[in-house]
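Notes to accompany the following structure.
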């Protein structure tokens, strides 16, 4: 068995003294692991950094074996972000979420494209946070837990949408939401194509996708939200959530 | 083939880094043939090290005394702390003999994959050390990997209020490195961190 595809490194775990078990996220193969001989060595370690775009050739005698990867670097995305704390945190968070949520060896083209879009935004100038929330929305949709943001679940209107029901994942207008606002998740305007991507909006977006990922994609397999993703929220908090390690209690 | 004691020794040695059963067997034979000159001193040294070497309560370095030799050395600059991921990194910097300050060993790096969170590292101890007031600069010498730099940014964030200079090691062309063979990431980092000549 053999295939070659381009993808992103999601993580490399040491195996034995010099090898690594590497997880690659490709468009056609999804999240796929394989053994990389010498993966902990000098030559390959820079290549196997999280977020790097690589060409992976997977080989195994039988399809259900772990198999081994031959990996070549296409773009060293991680190296460009090492100095930028927030972007590096986003990269680590996105890879950790992908690694935790995606079942192995199943293609998730939409999630992959959104992930690629996020990596591109992280490497460019300008805002990246909306792309991060969109990637998680795409991940949810591809996993079968997509949010329906097209119209209000109560009134059927498609303007003035401001909340999402945590139970159904459907949008609700501000008026219809008024009686039980504190039980709903805020819907940031940028997900509807309008509205700023300021800290408050990003925080709302991260809480929104985070809540669904946690309840549907992670709890189902007995996992918790990766620490890297929890920390990411700290970059958008009004109070310094990183230094204190204590965030204000979530009003929802 | 030897008895069960020899087999047990071979099996234990084979678990050491860089060794396999074959090299372990050679080592055992080598030791047994040089009992006085090698085996007995080695047994004594292993016993002493096992009984006496402990992590330093100040910096986390390994030494037979607590605080360790680096922390006790009055000639070293106590106002500069170099933060490293592991003791191996501390030893590497000591080998370079280019740093005369103190150290702080974190005990790893933040890693989503391995589930290492800030509480698993000696970050609180570092913040407490810096808070005592003698420190003016903290050098973050974590690895130039995603995990290492994520850790560095986290530690820098935690020290933001402490009123100390926080710096990190440069990333770039290694001494003796040829540009033709450098990976793109290192080259990019080297270009961004270029200096006026």
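Below are the figures for this structure:
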{"quantity": "The range A:1-55 versus the range A:68-105: alpha-carbon centroid distance in Å", "calculated": "11"}
{"quantity": "Kirkwood hydrodynamic radius (C-alpha pairs) into Stokes-Einstein, the protein assembly as shown, 10 °C and 1.306 mPa s, D in µm²/s", "calculated": "64"}
{"quantity": "Length-normalised contact order for chain A - Cα pairs under 8 Å, 6+ apart - percent", "calculated": "15"}
{"quantity": "Residues in the range B:112-140 reached by a label modelled at residue B:77 [backbone nitrogen below 12 Å; 7 Å Cα→Cβ]", "calculated": "B:136-139"}
{"quantity": "Three principal axis lengths of the range A:1-105 [C-alpha, angstrom, descending]", "calculated": "42, 29, 23"}
{"quantity": "Percent RCO, i.e. relative contact order, over the range A:139-212, from Cα pairs under 8 Å lying at least 6 residues apart", "calculated": "25"}
{"quantity": "Tilt relative to chain B, helix B:146-158 - C-alpha long axis, 0 to 90 degrees, to 10", "calculated": "50"}
{"quantity": "Prolate/oblate/rounded label for chain A (Cα gyration tensor, a/c 1.5)", "calculated": "prolate"}
{"quantity": "Shape category assigned to the range A:51-147 from the gyration tensor of Cα positions, a/c cut at 1.5", "calculated": "oblate"}
{"quantity": "Averaged over A:142-154, number of beta-carbon atoms from partner chains that fall within 10 Å", "calculated": "0"}
{"quantity": "16 Å reach of a label modelled at residue B:65, 7 Å along Cα-to-Cβ, counting backbone N of the range B:72-109", "calculated": "B:72-76"}
{"quantity": "Cα-based helix-to-principal-axis angle, A:129-143 vs chain A, degrees rounded to 10", "calculated": "80"}
{"quantity": "Separation of alpha-carbon centers, the range B:169-188 and the range B:66-100, rounded to whole Å", "calculated": "26"}
{"quantity": "Euclidean distance of C-alpha centroids, the range B:38-61 and the range A:173-230, integer Å", "calculated": "53"}
{"quantity": "Residue B:88 versus residue A:125: modelled label distance in nm, points set 7 Å from Cα along the beta carbon direction", "calculated": "4.1"}
{"quantity": "Chain A: most fluctuating residue of A:34, A:123, A:16 per GNM, C-alpha cutoff 10 Å", "calculated": "A:16"}
{"quantity": "Estimated 222 nm signal from helices in chain A, with DSSP H stretches of n ≥ 4 weighted -39500 (n - 2.57), rounded to 500", "calculated": "-9500 deg cm²/dmol"}
{"quantity": "Simple label model, 7 Å out from Cα along Cβ direction - residue B:8 to residue A:159, nm", "calculated": "8.4"}
{"quantity": "Neighbouring partner chain Cβ atoms per residue of B:152-165, average, 10 Å criterion", "calculated": "3"}
{"quantity": "Förster radius 30 Å - calculated FRET efficiency between residue B:19 and residue B:43 (Cβ-Cβ, nearest 0.05)", "calculated": "0.95"}
{"quantity": "Degrees, to the nearest 10: A:109-123 long Cα axis against longest axis of chain A", "calculated": "90"}
{"quantity": "Shape category assigned to the range B:4-52 from the gyration tensor of Cα positions, a/c cut at 1.5", "calculated": "oblate"}
{"quantity": "Principal semi-axes in Å for the range B:62-196 [√(5λ), Cα gyration tensor, largest first]", "calculated": "26, 18, 16"}
{"quantity": "Inter-chain Cβ neighbour average for residues A:70-79, partner chain, 10 Å", "calculated": "3"}
{"quantity": "Listed residues B:18, B:133, B:107, most fluctuating in chain B (Gaussian network, C-alpha, under 10 Å)", "calculated": "B:18"}
{"quantity": "Listed residues B:83, B:146, B:175, most fluctuating in chain B (Gaussian network, C-alpha, under 10 Å)", "calculated": "B:175"}
{"quantity": "Value of relative contact order over the range B:19-160, rounded to a whole percent, pairs C-alpha under 8 Å and six or more apart", "calculated": "19"}
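Each value in this text was obtained by applying a stated rule to the coordinates, not by laboratory testing. The shown structure was predicted, so the numbers you read here are calculated from the model rather than taken from an experiment. For neighbour counting, all protein chains shown are included, and Cβ atoms are generated from backbone atoms with ideal geometry for every residue, glycine included.
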